[in-house]
Structure formats: structure tokens, C-alpha cells
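The values are calculated or read from the model by the stated rules, or taken from the named source; none is laboratory data. Everything numeric here is computed off the predicted structure, so don't read it as measured data. Cβ coordinates were reconstructed from backbone atoms using ideal geometry, including for glycine residues, and neighbour counts include every protein chain displayed. Just so you know, the surface numbers come from the protein's heavy atoms only, side chains and all, with ligands and any DNA or RNA stripped out. Shrake-Rupley method; radii C 1.70, N 1.55, O 1.52, S 1.80 Å.
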Amino acid sequence: LCRQHARTLWYDRPKYVFMEFCVEDSTDVDVLIEDHRIVFSCKNADGVELHNEIEFYAKVNSKDSQDKRSGRSITCFVRKWKEKVAWPRLTKEDIKPVWLSVDFDNWRDWEGDEEVELAQVEHYAELLKKVSTKRPPPGMDDLDVSKDCLSTLQFPFSAKK
């Protein structure tokens, strides 16, 4: 029996770990999400059987996890047991299989996001305070604008009737 691994992308979020098994036109899809592992199998368009078994880095809530199938892939939303704890890798073992990659298009370094957002809000509030401070308008006495100068300017909207 010839089985291959499906190319798999993953990324981490505060509440979920997302995995995408990249198989176009899959059939006989079977996804089993348990508290410590996921078992994925299907056949691709050529009838080749694909099988992945992943022992998770940490415990997950299998009852609050799900998968969604599209024509190009099978995406799994796996709920973390401990929220807001970053996973440095998807697998329990510190070895990266060749078929597993980080999904850099969706990856975001979310650790410390709350602190960064708070600092940005404080910075914005400071800027608003500076802008809203009433000052006298700048003097325009040093501008030398004559009527001859104004007549040479071309305005995009004329007041002709």
C-alpha cells in the first residue's frame, strides 16, 4: 500500500491553531481530531491515498474543533486547551517533517499584541491632545501677494456664468 503525506500548512492564533491540508479535488476525506493528535486521510484527484498523523504540541479541545473542506484543501480549526499560549511548533516532537510548513501568509506574532495596542492608543491620544491644544493662528503678514500675482494664477474651477 503506497501512502503519502499531504502537504500541510499551519499557523497559530490565541484561541486556535489552524491547519490546511493542501489536496485538490479530494475524496474519501476523514479527519479525526483528538485531544492530543489529529489523523487526516483522503485520496487526491489521481486516487493516491494521503495520510497525516500529528501529535500536537499541547492539548487541544477536540469537542470545540472542526474542519472545512473546499475544492483545493481541507482546513482544520483546532481549539487550544490553554488560550493565549503561543505554540512554537505544531508537533509534540521538536522535529519538522518535510511536508509540514508554517503558513507565513496567515502567520502573525500575536504575543504581546494587547501591550502594543495599548501603547498605540496612548500615543494616538497624546497626538490628539497636541493637535487639539488651541493656539493663535500663524501670522500671515510676511506674505506679499499682489493683485497682479493673483490674476496669473489659474484655478481649476472658474466662476464664469
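Computed quantities for the displayed model
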| item | result |
| --- | --- |
| Identity of the residue in the range 1-17, in a strand (DSSP E or B) and surrounded by fewer than 17 Cβ atoms within 10 Å (Cβ to Cβ), that ends up farthest from the chain's Cα centre (by Cα) | Arg3 |
| Condition met for Pro97 (open to solvent by less than 50 Å² (accessible area, probe 1.4 Å) and either within 27 Å of Asp109 (Cα to Cα) or of a type in the set (Val, Ile, Thr) (or both)) | yes |
| Residue list for the range 18-43, filter: surrounded by fewer than 21 Cβ atoms within 10 Å (Cβ to Cβ) and not in a strand (DSSP E or B) | Glu24, Asp25, Glu34, Asp35, His36 |
| Per-region count, the range 33-58, residues of a type outside the set (D, E, K, R) and more than 25 Å from the chain's Cα centre (by Cα) | 8 |
| Number of positions in the range 56-88 that are part of a loop (DSSP other than H, G, I, E, B), of a type in the set (D, E, K, R) and either free of Cβ contacts under 8 Å to residues at least 12 places away in the same chain or more than 17 Å from Ser41 (Cα to Cα) (or both) | 4 |
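One line per residue, one yes/no per condition, for (1) touching a Gly at 6+ places or on another chain (Cβ under 6 Å); (2) at pLDDT 90 or above; (3) open to solvent by 60 Å² or more (accessible area, probe 1.4 Å); (4) closer than 23 Å to Val39 by Cα:
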{"site": "Ser65", "(1), (2), (3), (4)": "no, yes, no, yes"}
{"site": "Thr75", "(1), (2), (3), (4)": "no, yes, no, yes"}
{"site": "Trp81", "(1), (2), (3), (4)": "no, yes, yes, yes"}
{"site": "Ser101", "(1), (2), (3), (4)": "no, yes, no, yes"}
{"site": "Gly112", "(1), (2), (3), (4)": "no, no, no, no"}
{"site": "Glu122", "(1), (2), (3), (4)": "no, no, yes, no"}
{"site": "Leu128", "(1), (2), (3), (4)": "no, no, yes, no"}
{"site": "Val131", "(1), (2), (3), (4)": "no, no, yes, no"}
{"site": "Pro137", "(1), (2), (3), (4)": "no, no, yes, no"}
